[in-house]
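Below is one structure, written out as structure tokens; the observations come after it.
The values are calculated or read from the model by the stated rules, or taken from the named source; none is laboratory data. None of the values given here were measured: they were computed from a predicted structure. For neighbour counting, all protein chains shown are included, and Cβ atoms are generated from backbone atoms with ideal geometry for every residue, glycine included.
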């Protein structure tokens, strides 16, 4: 073989290798984007983002040991870290979403005379709802969240 022919064959082989690498890289990128789009995002109905600093792995565990992280929907509460006792007055809108999570709305009358409405995102089949007439201890966690603790342990009832 002449040197010209060898150079030409080497050039063709290099082109094939580069095109193959480019094709595989493109397919890998498309697959990665598709995976992130389909599986990488939590569905909107799965609940709000758990606030940083609160020890809760997922909404499926909310209510464990009678401790509930609740989103404030309406009402005034004492400052962050201050605990006040209260009584649950209502439990509504508890139909589960597609992921099996309920987003119950609870009214709570507080000992300081104010009333607060909260949203309890939890899995009712694992941990029960807050029940009207139930005594709770409520502590403000941050501007948007409170922690309510029941006097009895959280259970499936």
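One residue stands out in segment 17-58 among those that are surrounded by fewer than 10 Cβ atoms within 10 Å (Cβ to Cβ) and modelled with pLDDT of 75 or more: the one that is nearest to residue 148 (Cα to Cα), namely 55. All but one of (1) within 26 Å of residue 52 (Cβ to Cβ); (2) at pLDDT 95 or above; (3) within 24 Å of the chain's Cα centre (by Cα) hold for residue 91, so report the exception by its number. So the condition that residue 91 fails would be (1). The residue that is farthest from the chain's Cα centre (by Cα), among those in segment 94-108 that are part of a strand (DSSP E or B) and in contact (Cβ under 8 Å) with a residue 24 or more places away in the chain, is 108.
Is it fair to say residue 113 is at positive phi and more than 24 Å from the chain's Cα centre (by Cα)?
Values: at positive phi: yes; more than 24 Å from the chain's Cα centre (by Cα): yes.
So residue 113 fits the description; yes.
Quick one: count up the residues across segment 72-87 that are surrounded by fewer than 16 Cβ atoms within 10 Å (Cβ to Cβ) and part of a strand (DSSP E or B). Number satisfying all stated conditions: 5.
Residues satisfying the criterion are present in segment 54-67 (criterion: assigned to a strand (DSSP E or B) and in the same structural domain as residue 134 (by TED's automatic domain parsing)). Within segment 123-135, can you find the residues that are surrounded by 18 or more Cβ atoms within 10 Å (Cβ to Cβ), within 10 Å of residue 88 (Cα to Cα) and free of Cβ contacts under 8 Å to residues at least 60 places away in the same chain? Of everything in segment 123-135, just one residue is surrounded by 18 or more Cβ atoms within 10 Å (Cβ to Cβ), within 10 Å of residue 88 (Cα to Cα) and free of Cβ contacts under 8 Å to residues at least 60 places away in the same chain, namely 134. Quick test for you: out of 98, 111, 135, pick the one residue that is touching a strand residue (DSSP E or B) at 6+ places or on another chain (Cβ under 7 Å) and either modelled with pLDDT under 95 or closer than 14 Å to residue 75 by Cα (or both). Going through 98, 111, 135 in turn, just one is touching a strand residue (DSSP E or B) at 6+ places or on another chain (Cβ under 7 Å) and either modelled with pLDDT under 95 or closer than 14 Å to residue 75 by Cα (or both): 111.
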